[in-house]
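Worksheet: the structure to be examined is printed underneath.
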Amino acid sequence: MGEMQRIPCVIMRGGTSKGIFLKENDLPRDKERRDRTILAIFGSPDVRQIDGLGGADPLTSKLAIIGPASHPEADIDYTFAQVGIGQPVVDFSGNCGNISAAVGPFAIDEGFVAAVEPLTRVRIHNTNTGKILVAEVAVVGGRARVAGDCRIAGVPGSGSRIMLDFAGTAGSVTGKLLPTGKVREELNTPSGTVEVSIVDCANPMVFVRAADMGIAGTESPAEINGNQPLLTRLEEIRAAVAVRIGMASTPAEATAKSPAFPMIAMVSRPADYQDFTSGRTIAAADLSLVSRLMYMQVLHKTYAGTGTVCTGAAAKIPGTIVNEMIAPADAAETVRIGHPAGIISIEARVRDGRVERAAFARTARRILEGAVWVVADRVAG
């Protein structure tokens, strides 16, 4: 329509994130024009994203692109993008586990996958990593079920349980569960040396001890995000690891072009702390470990789905910093991770260096469907 371009879209909540879902055929094939279109849809770059659909928060500035399967073992293709807020960046370098939870229901409701009651198994090819993940989605009346008794920390109410198994995503970006072949190592940075564990399952992550960062590990988002020296140090480490595992040529490039991945988490042993959303006490006895996960250079208010997968896998690899935080007597398959807003659990099993299971429960639902309008000259180039 001349000055404006209409693009069909759906807004879905997946786990503790919210994303814009687009069909592959509704985006330009030219990558530069595609990225300009995505930025226009979200209203980026702008710290408020006032002229688009973005929510001015990393957890609501997410995109899923859905198309027919290009992999013989998959039912659908899914491409994830983390869209910059203040910067004109569309980061395709990794996946999002929370948004992944909404892919199965979207695929069923949009007719990409036949609805089979009472449970439909959706094999999802994540094009960012080239890996297959499996979603088990309850179905009623030919559509993905919404109502249920599954509750997840960070989301009001309850919903239908969606089980996601990321066992097939080990080596998502680097091709190896342990990208450097080491369970832990010394990392040299301009500010000094720090011991890290680098693990790649669902997404690559770097783990450090909270104590080595000068904190207890149970701090709230406000406390961590208000500590600028800590944020600077964490980004220095994250960027150095990006170079170490081949995701960037220089630390500056890692910060500019791959701000979301690898992720970095500060881990500590179980301890009591306050849920920052409600003030209730999270008890040490209910936890395997405590973790504070950074995402896009700020603290994740809950815990990323792919971060859950990678943390769970790392917890089951003897010698990692994550494994160090778990009591020796705790041999349970379920790893319970304490995050700022509660607890997220994952069933994790690693045997002989192979991830045999990495499954956790999420909920998801459709919030809006319609079309987004973008100003044509902003995407023309």
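The values are calculated or read from the model by the stated rules, or taken from the named source; none is laboratory data. Here the structure is a predicted model, which is why all the values come from computation and not from measurement. Don't worry about glycine lacking a Cβ; one is built from the backbone with ideal geometry, like all the others, and counts go over all protein chains shown.
General remarks:
- Considered as a group, the residues in the stretch 15-40 that are surrounded by 23 or more Cβ atoms within 10 Å (Cβ to Cβ) and assigned to a strand (DSSP E or B) include one that is modelled with the lowest pLDDT, and that residue is Ser17.
- Across the stretch 331-371, the qualifying residues are those that are surrounded by 15 or more Cβ atoms within 10 Å (Cβ to Cβ) and polar (S, T, N, Q), and the one among them that is farthest from Val267 (Cα to Cα) is Thr363.
- The residues on offer are Ile245, Ile198, Ile215, and the sole one that is out of contact with any Phe, Trp or Tyr (no Cβ under 9 Å at 6 or more places or on another chain), under 22 Å from Glu324 (Cα atoms) and hydrophobic (A, V, I, L, M, F, W, C) is Ile215.
- If you go through the stretch 372-381 and keep only what is surrounded by 12 or more Cβ atoms within 10 Å (Cβ to Cβ) and among the small types (Gly, Ala, Ser), you end up with just Ala376.
- Candidates Leu63, Leu39, Leu59, Leu53 - the one that is touching a residue at least 40 places away in the same chain (Cβ under 8 Å) and touching a Cys at 6+ places or on another chain (Cβ under 8 Å): Leu53
- Taking the criterion of being surrounded by 17 or more Cβ atoms within 10 Å (Cβ to Cβ) and either β-branched (Val, Ile, Thr) or in contact with an Asp or Glu (Cβ under 9 Å, 6 or more places away or on another chain) (or both), the residues of the stretch 256-275 that qualify are Ser258, Pro259, Ala260, Phe261, Pro262, Ile264, Met266, Val267, Arg269, Pro270, Tyr273.
- Residues within the stretch 42-69 that are among the aliphatic types (A, V, I, L, M) and part of a loop (DSSP other than H, G, I, E, B), tallied: 5
- The residue of the stretch 138-161 that is surrounded by the fewest Cβ atoms within 10 Å (Cβ to Cβ), among those that are β-branched (Val, Ile, Thr) and touching an Asp or Glu at 6+ places or on another chain (Cβ under 7 Å), is Val140.
- For the stretch 214-248, the candidate set comprises residues that are without any contact (Cβ under 8 Å) to a residue 12 or more places away in the chain and outside any loop (DSSP other than H, G, I, E, B); within that set, the residue that is surrounded by the fewest Cβ atoms within 10 Å (Cβ to Cβ) is Gln228.
- Being outside the structural domain of Pro105 (by TED's automatic domain parsing), over 18 Å from Phe207 (Cα atoms) and not in a loop (DSSP other than H, G, I, E, B) holds for only one residue in Arg349, Arg336, and it is Arg349.
- Residue within the stretch 77-90 that is of a type in the set (D, E, K, R), in a strand (DSSP E or B) and in contact with a His (Cβ under 8 Å, 6 or more places away or on another chain) present: yes
- Some residue of the stretch 119-137 being surrounded by fewer than 19 Cβ atoms within 10 Å (Cβ to Cβ) and over 27 Å from Leu63 (Cβ atoms): yes
- Matching option when the condition is small (Gly, Ala, Ser), outside any strand (DSSP E or B), more than 16 Å from Thr306 (Cα to Cα) and out of contact with any Gly (no Cβ under 9 Å at 6 or more places or on another chain), among Gly168, Gly148, Gly181: Gly181
- The residue that is surrounded by the fewest Cβ atoms within 10 Å (Cβ to Cβ), among those in the stretch 279-318 that are in contact (Cβ under 8 Å) with a residue 60 or more places away in the chain and farther than 25 Å from Glu236 by Cα, is Pro318.
- Any hit, the stretch 287-296, residues being outside any helix (DSSP H, G or I), touching an Asp or Glu at 6+ places or on another chain (Cβ under 9 Å) and modelled with pLDDT under 95: yes
- Members of the stretch 337-376 that are without any contact (Cβ under 8 Å) to a residue 24 or more places away in the chain and closer than 30 Å to Leu299 by Cα: Ser345
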